[in-house]
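To start, the structure itself, in structure tokens.
The values are calculated or read from the model by the stated rules, or taken from the named source; none is laboratory data. Small disclaimer: the values here were computed from a predicted structure and weren't measured. Backbone-built Cβ (ideal geometry, glycine too); neighbour counts: all protein chains shown. The accessibility values were calculated without ligands, DNA or RNA, using every heavy atom of the protein model including side chains. Shrake-Rupley method; radii C 1.70, N 1.55, O 1.52, S 1.80 Å.
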Amino acid sequence: MKKKYIVSCLCISFLCILTILLFFRIQKKQVFADPITKSSFLLDTIVTVTIYDSDDMELLENCLSLCEEYENLFSKTIDTSEISEINHRSSDTSKITVSPDTKALIEKGLYYSKLSDGAFDITIEPLAALWDYKEAQIPDASSIQKAVASVDYRNISLSQDILTISSPDTHLDLGGIAKGFIADKMKEFLVEHGVKSAIINLGGNILCIGQKPDGSPFRVGIQKPFQERNETVATVAIQDMSVVSSGIYERYFIKDDKLYHHILNPKTGYPYENNLISVSIISSLSVDGDGLSTTCFALGLTKGMELVNELDGVYAVFITDDNVLHYSDNFDEILIKE
């Protein structure tokens, strides 16, 4: 009788443990059945963070707050930002101590400026400031010529945390690379807090953390130029990677039947005319996708594609003005064939 009682108790205990385990498993599935998501207007666009393996809304809010902190650090239009303070330095100031994040961003910008031999240039601010896409006005030729003379990334250098600027006319515009840098920092923050499945969307700059909860890759569409963001021309399957596009459809105006877009040639002062509509880069780091998409657009189809094909773990698709898609050598590895 005593033996039967012990066996019965053991069975009941086992059933209780099994029930508890099943309960927590069900609870976990219920908690994470749907992703949590939050959006905010930052970086002059809609920034959205979606987490698939957490129900911590505070984590989302803190991630977006981090994005705002970086915007306040890097934006050239916020008077109190570090970049704005650099640009509005006194004329006799040539050496400035910069924060670690600003140093890291400028270093990346200089890397792509050198890589492209100035086709991408982080000192383009005097030139970019002349173009008003809302008012659809072409700057006068003399103003463009003067601004072009002041654009040269070789006027700046970094040593430790000291930024040296050799010309008082040199001003920074890190807009061509800052979004990617910020996206990487947001990912770093989420990963440090245990997130293994998420998507960060900075107005078209897409950065994935891990893969989907079911173990499959994320599917990300390449935007169809001049159409809504949900219209795509190709879809890629990626995990732990970024998709960044640069194109003439992002900011432009039409004057006398001619389209003027925002990707400016530092050597002429006018928008690039190289038969490209857009360049999309898929890479591990979003900052590299940001820098490469603009750099490759500036270099044009032939030189831009040569550059991408020399890089490991980087994929690209170029769209020319005849709406033909040109893929890098290894693009089949990620392209979803419908």
Could you give the length gained on full extension between L259 and D321, defined as 0.36 nm per residue of separation minus the Cα-Cα distance, in nm?
21.1 nm
Segment 159-236: which trypsin sites (Lys or Arg not before Pro) are DSSP loop and have at most 13 other beta-carbon atoms within 10 angstrom?
R229
Amide H within-cut-off set for R251, under 5 Å, with H built and near neighbours excluded
H262
Using 11 Å as the cut-off for backbone N distance, which residues of segment 307-338 belong to the label zone defined by a point 7 Å from the Cα of T235 along Cα→Cβ?
336-338
Provide, for q = 0.13 Å⁻¹, the log10 of I(q)/I(0) from a solvent-free Debye sum over equal Cα point scatterers in segment 118-211.
-0.66
Could you check the spin-label model distance between E188 and Y270? Points 7 Å from the Cα along Cα→Cβ, value in nm.
4.1
Note: segment 195-338 at 10 °C, 1.306 mPa s; Kirkwood Rh on alpha carbon pairs; Stokes-Einstein D in µm²/s works out to 102
Compute the Rg/Rh shape ratio of segment 244-316: radius of gyration over Kirkwood radius, all on alpha-carbon atoms.
1.00
Accessible area of the chain divided out per residue, in Å², using a probe of 1.4 angstrom
53
For the chain, averaging the sequence separation of alpha carbon pairs under 8 Å that lie six or more residues apart and dividing by its residue count, the contact order in percent is 15
Candidate values (i) 20.3, 65; (ii) 24.5, 105; (iii) 23.7, 77, label of the one derived for Rg and Dmax of the Cα atoms in Å:
(ii)
Note, segment 274-285: 3J(HN,Hα) by Karplus (6.51, -1.76, 1.60, θ = phi - 60°), whole Hz, Gly/Pro = x, goes 9, 6, 9, 9, 7, 9, 10, 10, 10, 8, 5, 9
By average Cβ neighbour count within 10 Å, what is the ranking of 277-283, 168-174 from highest down?
277-283, 168-174
Ignoring ligands, DNA and RNA, what percent of the 1.4 Å accessible area of segment 200-338 is carbon and sulfur?
44
Members of K103/K196; K103/K303; K134/K179; K196/K224; K76/K114 lying beyond 25 Å, as alpha-carbon distances in this model show:
K103/K196; K103/K303; K196/K224
Once the other residues with Cβ under 14 Å from the Cβ of D312 are scored (Lys, Arg +1; Asp, Glu -1), what is the net sum?
-4
Report the accessible area of R251, computed with a 1.4 Å probe over the heavy atoms of all protein chains in place, in Å² rounded to the nearest 10.
130
Segment 108-148 versus segment 234-290: alpha-carbon centroid distance in Å
15
Could you run the Karplus curve 6.51 cos²θ - 1.76 cosθ + 1.60 with θ = phi - 60° over segment 131-138 and give me ³J(HN,Hα) per residue in whole Hz, x for Gly and Pro?
8, 10, 7, 6, 7, 6, 10, 8
For Q137, list long-range residues whose amide hydrogen, built 1.01 Å from N in the peptide plane, is under 5 Å from its own amide hydrogen.
D132
Tell me which DSSP H helices of the chain clear both cut-offs, 15 Å or more of axial length from alpha-carbon atoms and a mean Kyte-Doolittle hydropathy of at least 1.0.
2-31
Under 11 Å from the N62 label point (7 Å along Cα→beta-carbon), backbone N, segment 193-208
193-195
Got a sec? Which residues in segment 72-107 would a label at L311 touch, if it sits 7 Å along Cα→Cβ and we count backbone N under 20 Å?
104-107
